[in-house]
1. Report yes if some residue within the stretch 188-195 is within 16 Å of ligand 2 (Cβ to nearest atom) and surrounded by fewer than 16 Cβ atoms within 10 Å (Cβ to Cβ); otherwise report no.
2. Among (1) aliphatic (A, V, I, L, M); (2) within 16 Å of ligand 2 (Cβ to nearest atom); (3) over 25 Å from residue 150 (Cα atoms); (4) crowded, with 17+ Cβ neighbours inside 10 Å, where does residue 67 come up short?
3. Pick from 24, 76: which is within 16 Å of ligand 2 (Cβ to nearest atom), part of a helix (DSSP H, G or I) and touching a strand residue (DSSP E or B) at 6+ places or on another chain (Cβ under 9 Å)?
4. If you check every pair at least six apart or on different chains, which have Cβ atoms under 8 Å apart with a residue in the stretch 1-22 that is within 17 Å of residue 188 (Cα to Cα) first and a residue that is within 13 Å of ligand 2 (Cβ to nearest atom) and in a loop (DSSP other than H, G, I, E, B) second?
5. Would you point out which residue out of 134, 169 is under 16 Å from the mean Cα position of the chain (by Cα), closer than 30 Å to residue 12 by Cβ, of a type outside the set (A, V, I, L, M, F, W, C) and within 16 Å of ligand 1 (Cβ to nearest atom)?
6. May I ask you to list pairs of residues, at least six apart or on different chains, whose Cβ atoms are under 6 Å apart, with the first in the stretch 148-175 being under 18 Å from residue 5 (Cα atoms) and touching a residue at least 40 places away in the same chain (Cβ under 8 Å) and the second being within 14 Å of ligand 2 (Cβ to nearest atom) and in a helix (DSSP H, G or I)?
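Where a number appears in this text, it was derived from the coordinates with a stated rule and is not lab data. Given the structure is predicted, the values throughout are model-derived calculations rather than measurements. All Cβ positions, even for glycine, are placed from backbone atoms using ideal geometry, and neighbour counts span all protein chains on display.
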Amino acid sequence: MNLVADLHTHTVASGHAYSTINENARAAAARGLEMIGFTDHGPAIRGGPDPYHFGSLRVLPRYLHGVRILRGIEANIMAADGTLDLSEEYLRRLDIVLAGFHPGCYDGGNVVANTDALIAAMENPYVDIIVHPGNPQYPVDIPVVVREAVRLGICLEINNASFSLSRKGSKDNCQHFARICADQGAILAINSDAHFMGYVGEFREAVAVVKEAGVVPEQVLNTSTERVLDYLRTRGKQVQEVTPQPPI
Ligand SMILES: [Zn+2]
Ligand SMILES: [Zn+2]
């Protein structure tokens, strides 16, 4: 499976990640990626950026080191009603909005409450990808989440960092998600969730999981930049085809 975009990466702006936008873009180029999403954590994460960070992303060029840039956020789901930690005023300016559960932002409830929270986030018109839904710290009804994702046309993520660096014990749930997504034809994204430039474009364990589950490349968003841009347009995002700019 040839993945050309990493739609989930963090920079120093997240407060607990250790590379810059420039470094991540350079790493993406070195890995042969064509697109990278800068999706720093939302303001509610401990040490996270001010909302102004997201308002000012427009200063970024559309290409860095020959890699297409998406201006985004990994927003925090704050409650069972799906409330996010960034206002519509800022969300609507972004190219891509990820959303998920994070410690310190959502305490987590029972399976019903967590499932309801994810579905509510999926119903938010600004949300494009639900990240690491297989996190065992926030158990959900996996068949119901996939069914609703298909109904709403929302992409679910298989997060490579969940198999090594973060969210220990995710693998069984991620395999379960991948199998049902394969069966139901859900849209998936495979992302690194890099918190350091060395992990940008690192997808290997996630790719192994989706392949074993029978997911086909056509279901995977980041197998082509056109697929990513088309998807974001269907979500109402104002993403344009633009000519690559000379590397800075
Ligand atoms: Zn996350
Ligand atoms: Zn992340």
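1. No, the stretch 188-195 contains no residue that is within 16 Å of ligand 2 (Cβ to nearest atom) and surrounded by fewer than 16 Cβ atoms within 10 Å (Cβ to Cβ).
2. Failed condition: (2).
3. Just one listed residue meets the conditions, 24.
4. These pairs meet every condition: 6/192; 6/200; 8/131; 8/192; 8/193; 9/192; 9/193; 9/200.
5. 134
6. Every condition considered, the pairs that remain are 158/206; 160/206.
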